[in-house]
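Trainee: Submitted below is the structure of interest, expressed as C-alpha cells.
The values are calculated or read from the model by the stated rules, or taken from the named source; none is laboratory data. Because the structure is predicted, anything quoted here is derived from the model rather than measured. Please note: Cβ atoms are built from the backbone with ideal geometry, for glycine as well, and neighbour counts cover all protein chains shown. The protein model used for the area step is the full one, side chains on, heavy atoms only, and it has no ligands, DNA or RNA in it. Shrake-Rupley method; radii C 1.70, N 1.55, O 1.52, S 1.80 Å.
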Amino acid sequence: MPWQVNIGIYRTWCFRGGAGSYSALDDNGAKDPSSESQAIEIHHIQLRHYASNDNSGSSNGGSKLQSHSYNEALELIGTGKFHTFLLFICGFCLMSVINETLNMGFIISAAECDLHLTFSDKGMLNGAAFCGVVISSHFWGFLSDTWGRRKVILLATSVSLALSILSSFSVNVWMLTVTRFLVGVFISGNAATTYAYLAEFHTDKTRANSISWAAMFMAFGMIYLPFLAYFIIPLDGQLELYSELLGMRYGLWRFYLLLSSFTSVLIICGILCLPESGKFLLIIGEHDGVLDVLRQMYRWNKGEPDYMFPIKSITLDAIDGAFVEKRNNELNKGLRYVWEQTVPLFRAPLVGNTLRASFLMFGLFMSSSGLFMWIPDILNTYVNYQDAKVTICDVVEIIQNNRTQMNLQEMHTSCPVSIDASIFMITTIMGILFLACYILNGAVINIVGKKLLLNIWYVACGACGVAALWTSDFYLTLLVIVVFLAVGCCGSVLSAISVDLFPTNYRAMALCLIR
C-alpha cells in the first residue's frame with residue numbers, strides 16, 4: 001500500500017570522529033557545544049497512510065475522516081481537463097440532435113429523382129425525425145432518471161447511428177421516412193439526457209456557464225450541415241455509384257447522410273471514456289461508485305495519483321435527499337408517476353401557463369425549424385430565378401408547377417433538378433448568424449430582462465416574416481428570411497421564462513412537455 005512520509009528534523013547530527021561518536025550542529029552548521037549526546041535525535045516523524053478504502057481514522061482511536069457532500073467534493077476537485085472533455089462530448093450530443101433532425105432539408109432536392117418525391121413526401125420526410133423526438137421525449141426522461149444518464153446516451157447514440165446508416169440505403173420514400181422517424185425516436189435520448197448529465201458534474205458556480213457553452217454546439221450543427229452539403233451535394237450528378245446488391249444508384253446525398261452522423265461516432269468514443277454521473281450513483285446508493293467517479297475526475301484535473309485523493313466519504317445533502325425521494329417514487333409507481341406529474345399541468349391553476357408556454361414554443365419552432373428545413377429547396381429556386389424579381393409565394397408556386405409537370409417516366413431516365421452550390425454557403429452564413437444570436441442573447445438577457453427580450457424578438461421576427469411575403473429583391477428577401485428564422489434562438493429564453501411559471505415538483509415535466 002502507498003505511504004506518504006513527512007519527516008521534519010529540527011537538529012542535524014554529523015560524525016565527529018571515532019566509532020559511534022557524533023557532535024551536534026546548530027541550524028547554521030556550527031558546532032553546538034551544549035550537546036555531547038551520542039544518540040541521533042529526530043523530531044516530528046509522521047507516517048500517513050493514503051488508502052482509498054480507509055475511513056476508520058487512525059489506529060490509536062483517532063477521529064474518523066471528514067465526510068463531504070457531493071457539491072463540496074466537486075469544489076475540492078475543481079475544473080480542468082475532465083470538464084473540458086465532458087463539455088465537448090455533451091456539446092456533440094446536442095449537435096447530433098440538430099444534425100439528425102435537419103439534415104433531410106439539405107438532401108430532398110438531390111433525392112427527388114432517386115425516390116420520386118412529391119411535395120407531400122418532402123414534407124413527410126422533413127417532419128419524420130421531429131415527430132420521433134416529440135413522441136419519445138417523455139420516455140427518455142423517465143429512463144434517464146431510473147436507468148442512468150450515461151447508459152441512455154450510449155444506447156440512444158448507438159442505435160440512432162445504426163438507423164441513420166440504414167436510412168442511407170433506403171430504396172423508397174417509405175423506408176426513408178420510417179428509418180428517419182426511428183432515428184428521431186432514439187436521438188431524442190440525447191436531447192432529454194445531455195443537460196442533466198453535464199450539469200451533475202459541475203458545482204452551482206460553473207453549472208449554468210457550462211450548459212450555455214454546450215448549447216452553442218447546436219448552432220455549430222446549423223453551420224456544419226450546410227458546409228458539408230456545399231462540398232458533397234452539388235457533385236451528385238457528376239459521380240455515379242451503383243449498388244449491385246440493392247439494385248439502386250447510391251447517390252452522394254446518401255453519403256451525405258452518413259457524414260452528417262459522424263458526430264455520433266465521436267460521442268460513442270467519448271462516452272466510453274467517461275463515467276456515469278456521480279450524482280445519479282449517489283442517489284441510487286452506489287457510494288463506492290461515486291468515489292471512483294470523483295477519483296477519476298481528480299486524476300484528470302489535478303494530474304496526481306489516486307492515493308493523493310483527499311475525499312474518503314460522500315454523504316447526501318438536502319437536495320440529494322429530495323432526488324432520492326423523487327427517484328423512489330418513479331421506481332415504485334413506474335409510468336403512473338409520469339401520468340401523475342403530467343395531469344396537474346392541465347388543471348387549474350397551471351393549465352393557463354401550460355397552454356401559453358406550449359403555444360409560444362410551438363409557434364417558435366414551427367416558424368424557425370419548419371421553414372429552415374425548406375430553405376435549401378427555396379433558395380435553389382430563388383438562385384435560378386434571381387433576375388425575375390419573384391416573391392417567396394412565386395417561388396413556392398414554381399416549385400409546385402415544376403414538380404407536377406414532371407413525367408414519372410422521365411424521372412427514371414434523367415434528373416431535371418439542378419442544385420446550385422451557393423445555396424449551401426448562404427445557409428452556412430445563416431448558421432453563423434444564429435450562433436451570434438445565441439451569444440447576443442446570453443450577453444443581454446440579464447440587462448434587458450427575459451420577457452422584454454422575448455417580446456423584442458417576436459415583434460422583429462414577425463415583422464420580417466410578413467415582409468418576406470411582399471419583397472421581390474433577392475438580397476432583401478434573403479435578409480428578412482434570416483431575421484425571421486432567428487426567432488429559433490429564443491427557445492432558451494422561453495424555457496428560462498417557463499421555469500418561473502411552474503412549481504419545483506412539476507417543473508421538469510413541464511419543460512419536457514413544452515419543448
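Trainee: Just checking, which of LEU182, LEU143 is open to solvent by 50 Å² or more (accessible area, probe 1.4 Å), among the hydrophobic types (A, V, I, L, M, F, W, C), under 28 Å from LEU274 (Cα atoms) and not in a loop (DSSP other than H, G, I, E, B)?
Mentor: The conditions single out LEU182.
Trainee: Checking VAL159 against (1) open to solvent by less than 20 Å² (accessible area, probe 1.4 Å); (2) at pLDDT 90 or above; (3) more than 28 Å from LEU379 (Cβ to Cβ), only one condition comes out false. Which one?
Mentor: (1)
Trainee: Sticking with this one: When region 112-127 is examined, which residues are found to be of a type in the set (A, V, I, L, M), open to solvent by less than 40 Å² (accessible area, probe 1.4 Å) and within 29 Å of the chain's Cα centre (by Cα)? Let's see the steps before the verdict.
Mentor: Taking region 112-127 and keeping what is of a type in the set (A, V, I, L, M), we get 115, 117, 124-125.
Still in the list and also open to solvent by less than 40 Å² (accessible area, probe 1.4 Å): 115, 117, 125.
Hit for region 112-127 is LEU125, nothing else.
Trainee: Would a scan of region 97-119 turn up a residue that is at pLDDT below 50 and among the polar types (S, T, N, Q)? First the steps, then the outcome.
Mentor: Residues of region 97-119 that are at pLDDT below 50, as a first pass: none.
So far as region 97-119 goes, no, none of its residues is at pLDDT below 50 and among the polar types (S, T, N, Q).
Trainee: To continue, here is another question. Which one of these does ALA191 not meet: (1) more than 18 Å from THR101 (Cα to Cα); (2) open to solvent by 30 Å² or more (accessible area, probe 1.4 Å)?
Mentor: Of (1) more than 18 Å from THR101 (Cα to Cα); (2) open to solvent by 30 Å² or more (accessible area, probe 1.4 Å), only one is false for ALA191: (1).
Trainee: Okay, moving on. Considering each residue of region 114-129, count those that are part of a loop (DSSP other than H, G, I, E, B) and acidic (Asp, Glu), and give that number. I'd like the intermediate steps shown before the answer.
Mentor: Restricting attention to region 114-129, the residues satisfying the condition of being part of a loop (DSSP other than H, G, I, E, B) are 116-118.
If we keep only those that are acidic (Asp, Glu) too, we end up with none.
Residues that pass the stated criteria total 0.
Trainee: Out of curiosity, is THR203 open to solvent by less than 40 Å² (accessible area, probe 1.4 Å), closer than 18 Å to ILE98 by Cβ and within 19 Å of the chain's Cα centre (by Cα)?
Mentor: Details: open to solvent by less than 40 Å² (accessible area, probe 1.4 Å): yes; closer than 18 Å to ILE98 by Cβ: no; within 19 Å of the chain's Cα centre (by Cα): yes.
So THR203 fails the test.
Trainee: Only one of (1) more than 20 Å from the chain's Cα centre (by Cα); (2) in a helix (DSSP H, G or I); (3) more than 25 Å from GLY141 (Cα to Cα) fails for ILE439. Which number is that?
Mentor: Of (1) more than 20 Å from the chain's Cα centre (by Cα); (2) in a helix (DSSP H, G or I); (3) more than 25 Å from GLY141 (Cα to Cα), only one is false for ILE439: (1).
Trainee: If you take just the helices (runs of 4 or more DSSP H) that sit entirely in region 226-293, which of them hold at least 3 residues that are modelled with pLDDT of 90 or more, charged (D, E, K, R) and open to solvent by less than 30 Å² (accessible area, probe 1.4 Å)?
Mentor: Values: elements: 252-260, 262-271, 278-283.
Counting at least 3 such residues, we get no helices (runs of 4 or more DSSP H) at all.
Trainee: State all residues of region 343-360 that are in contact with a helix residue (DSSP H, G or I) (Cβ under 6 Å, 6 or more places away or on another chain) and either at pLDDT below 70 or of a type in the set (Val, Ile, Thr) (or both); if no residue qualifies, say none.
Mentor: THR354
Every residue, every condition in (1) within 26 Å of ILE375 (Cα to Cα); (2) without any contact (Cβ under 8 Å) to a residue 24 or more places away in the chain, yes or no:
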site: LYS451; (1), (2): no, no
site: VAL483; (1), (2): yes, yes
site: ALA486; (1), (2): yes, no
site: SER492; (1), (2): yes, no
site: ASP500; (1), (2): no, yes
site: ALA510; (1), (2): no, no
site: ILE514; (1), (2): yes, no
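Trainee: Select from region 459-505 the residues that are aromatic (Phe, Trp, Tyr) and either surrounded by fewer than 17 Cβ atoms within 10 Å (Cβ to Cβ) or within 23 Å of the chain's Cα centre (by Cα) (or both) and list them in ascending order. Before you say what the answer is, go through the steps one by one.
Mentor: Restricting attention to region 459-505, the residues satisfying the condition of being aromatic (Phe, Trp, Tyr) are 470, 474-475, 484, 502.
Within region 459-505, TRP470, TYR475 meet the criteria.
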